[in-house]
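Q: Before I ask anything, here is the structure I am working with.
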Amino acid sequence: MEDEEIIDLYWNRQERAILETDKKYGKYCNTISFNILQNKEESKECVNDTYLKTWNSIPPQRPNVLKVYLGKIARNLAINQYERKKAKKRDYTLEIALEELNECISSNNNVEEQLKYNDLIKMLNAFLAKLSQNKRKIFLERYWYLYSIKEISSNNKISESNTKAILMRIRNQLKDYLKEGGLYE
């Protein structure tokens, strides 16, 4: 089923929308959630919450790209759940990825606070647009989908050391780019 048809199902308040969403994007949303939460049950719960939030937001919203819309909801819900989980026990997957980005973005604020600023987001998007498709994919796998170095290496058929080197070069380029734009000192 095409995305427009799925969105129409939501718009017309037909419960089949959730079934069709799960068929087409369930694995995608689960991957995003699992990479953050590292727990199958919590990831499944997060995906169900994603469907509920989607149901409650369409209408009035009508997403341009359903996959991105669902991914953003799943990611935000998983990060919120991760924060609650972090209060109980430590899981460093998300913290390591954000710490790596902190090297390029940080000033007096932490990464989460800085990512809220529209200027930074615009600059990040412009920076990513300048990267080759392969480098952009590696960057997003690490810092959006929160894949491990091992997973990124496997996905891209390169060694782990090459993956680390590529990510380090991209972070350095990003740091320079943000310095030129006045967002990093």
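Q: Do we find that Cys46 is at pLDDT 65 or above, in the same structural domain as Asp176 (by TED's automatic domain parsing) and closer than 27 Å to Lys150 by Cβ in this structure?
A: no
Q: While we're here: Just to be sure before I move on: is Lys24 surrounded by fewer than 13 Cβ atoms within 10 Å (Cβ to Cβ) and outside the structural domain of Tyr143 (by TED's automatic domain parsing) in the structure I sent?
A: Answer is no for this residue.
Residues are listed down the side, and each one gets a yes or a no for (1) assigned to a helix (DSSP H, G or I); (2) farther than 18 Å from Arg75 by Cα; (3) at pLDDT below 90; (4) β-branched (Val, Ile, Thr):
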residue: Asn109; (1), (2), (3), (4): no, yes, yes, no
residue: Glu112; (1), (2), (3), (4): yes, no, yes, no
residue: Tyr147; (1), (2), (3), (4): no, no, yes, no
residue: Ser154; (1), (2), (3), (4): yes, yes, no, no
residue: Ile158; (1), (2), (3), (4): no, yes, no, yes
residue: Ser161; (1), (2), (3), (4): yes, yes, no, no
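Q: To continue, here is another question. Run down Tyr10, Tyr92, Tyr51 and say which single residue is among the aromatic types (Phe, Trp, Tyr) and either within 27 Å of Arg169 (Cβ to Cβ) or modelled with pLDDT under 95 (or both).
A: Testing whether each residue is among the aromatic types (Phe, Trp, Tyr) and either within 27 Å of Arg169 (Cβ to Cβ) or modelled with pLDDT under 95 (or both) leaves just Tyr92.
Q: Separate question: When the range 118-127 is examined, which residues are found to be free of Cβ contacts under 8 Å to residues at least 60 places away in the same chain, surrounded by 15 or more Cβ atoms within 10 Å (Cβ to Cβ) and either assigned by TED's automatic domain parsing to the domain that holds Lys27 or under 23 Å from Ile36 (Cα atoms) (or both)?
A: If the condition is that a residue be free of Cβ contacts under 8 Å to residues at least 60 places away in the same chain, surrounded by 15 or more Cβ atoms within 10 Å (Cβ to Cβ) and either assigned by TED's automatic domain parsing to the domain that holds Lys27 or under 23 Å from Ile36 (Cα atoms) (or both), then Leu124 is the only one that fits.
Q: Pick from Ser43, Ser33, Ser57: which is touching a helix residue (DSSP H, G or I) at 6+ places or on another chain (Cβ under 9 Å), surrounded by 15 or more Cβ atoms within 10 Å (Cβ to Cβ), small (Gly, Ala, Ser) and without any contact (Cβ under 8 Å) to a residue 40 or more places away in the chain?
A: Every option except Ser43 fails the conditions.
The values are calculated or read from the model by the stated rules, or taken from the named source; none is laboratory data. Just so it is clear, the model here is predicted, and its values are computed rather than measured. Cβ coordinates were reconstructed from backbone atoms using ideal geometry, including for glycine residues, and neighbour counts include every protein chain displayed.
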